[in-house]
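Since the structure comes first, as structure tokens, the remarks are kept for the end.
The values are calculated or read from the model by the stated rules, or taken from the named source; none is laboratory data. Nothing here was measured: the structure is a model prediction, and the numbers come from that model. Cβ: placed from backbone, ideal geometry, glycine included. Neighbour counts: every protein chain shown.
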Amino acid sequence: DAGVTQSPTHLIKTRGQHVTLRCSPISGHKSVSWYQQVLGQGPQFIFQYYEKEERGRGNFPDRFSARQFPNYSSELNVNALLLGDSALYLCASSNQGNYEQYFGPGTRLTVT
Amino acid sequence: GENVEQHPSTLSVQEGDSAVIKCTYSDSASNYFPWYKQELGKRPQLIIDIRSNVGEKKDQRIAVTLNKTAKHFSLHITETQPEDSAVYFCAARDRGSTLGRLYFGRGTQLTVWP
């Protein structure tokens with residue numbers, strides 16, 4: 001059984017650039033959540049999508065956006081990158097009626 | 001929104017001893033409290049969770065207790081082993097949204113010395 005997958009694993013970008021991160025949930029899971037984890041801190045909620053609709057948004061600027069596709073995979077987009085966007089971006093998969101969220105391996109984004 | 005506080009930030013124990021990590025939460029409506037283990041460079045892994053209608057849950061060497069009145073919950077690891085060394089995060093589920101976003105504590109770095 002494949003777990004949550006994310007791509008790419010690592011990414012280096014320059015300030016002002018744009019980045020797209022991708023996530024595929026566990027087979028059968030219809031909900032995807034995105035979290036940002038800065039070094040030394042716990043994950044912080046960015047977005048949650050269920051059945052292609054946004055169901056929750058954290059306290060992040062409009063430079064952050066996301067979408068979910070018919071196959072339940074998801075993309076997180078970040079525009080006009082800042083140094084402070086450097087972090088591990090985690091995707092979590094869950095299913096309606098179940099509380100458990102399972103994380104992918106993350107994408108390590110470095111902004112220089 | 002919910003606010004989760006976690007203590008201690010670092011914890012060192014001798015192999016075989018017990019380890020306890022404590023968390024408090026602010027929103028009395030929160031109803032689900034998972035614990036994640038994150039080894040260096042790896043994804044957070046769900047190790048145990050508890051729902052608000054239960055006071056205690058145990059899975060082999062790990063257990064979680066919940067005190068709804070005091071709004072705190074704890075992770076207990078008995079007979080610790082070096083492979084238990086990792087960062088542990090507690091979290092609380094936001095009951096407001098349909099599926100529930102998680103609010104995380106800042107983490108506890110557990111080191112088990114052989």
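Please tell me if A:Thr9 is within 11 Å of chain B (Cβ to nearest Cβ) and either of a type in the set (A, V, I, L, M, F, W, C) or farther than 25 Å from B:Ala92 by Cβ (or both). Spell out the reasoning first.
On the way: within 11 Å of chain B (Cβ to nearest Cβ): yes; either of a type in the set (A, V, I, L, M, F, W, C) or farther than 25 Å from B:Ala92 by Cβ (or both): yes.
So A:Thr9 fits the description; yes.
Farther than 30 Å from B:Ser9 by Cβ and either within 10 Å of the chain's Cα centre (by Cα) or touching a residue at least 12 places away in the same chain (Cβ under 8 Å) (or both): is that true of A:His10 in this structure? Spell out the reasoning first.
Working: farther than 30 Å from B:Ser9 by Cβ: no; either within 10 Å of the chain's Cα centre (by Cα) or touching a residue at least 12 places away in the same chain (Cβ under 8 Å) (or both): yes.
For A:His10, the condition - farther than 30 Å from B:Ser9 by Cβ and either within 10 Å of the chain's Cα centre (by Cα) or touching a residue at least 12 places away in the same chain (Cβ under 8 Å) (or both) - is not met.
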Open item on the list: Testing B:Ser18 on (1) touching a residue at least 40 places away in the same chain (Cβ under 8 Å); (2) within 14 Å of chain A (Cβ to nearest Cβ); (3) over 12 Å from the mean Cα position of the chain (by Cα), one condition comes back false. Which one is that?
Closed with: (2)
Task: Of residues in segment B:8-61 being loosely packed, with under 15 Cβ neighbours inside 10 Å, assigned to a loop (DSSP other than H, G, I, E, B) and among the polar types (S, T, N, Q), the one modelled with the lowest pLDDT - done: B:Asn53
TODO: Looking only at segment A:42-65, decide whether some residue is over 22 Å from B:Phe33 (Cβ atoms), in contact (Cβ under 8 Å) with a residue 60 or more places away in the chain, within 14 Å of chain B (Cβ to nearest Cβ) and not aliphatic (A, V, I, L, M).
DONE: no
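Give the residues of segment B:104-114 that are within 7 Å of chain A (Cβ to nearest Cβ) and crowded, with 21+ Cβ neighbours inside 10 Å, sorted by residue number. Step through it out loud before you land on a result.
Here is the first cut: in segment B:104-114, the ones within 7 Å of chain A (Cβ to nearest Cβ) are B:104-107.
B:Phe104, B:Gly105, B:Gly107 - these are the residues of segment B:104-114 that are within 7 Å of chain A (Cβ to nearest Cβ) and crowded, with 21+ Cβ neighbours inside 10 Å.
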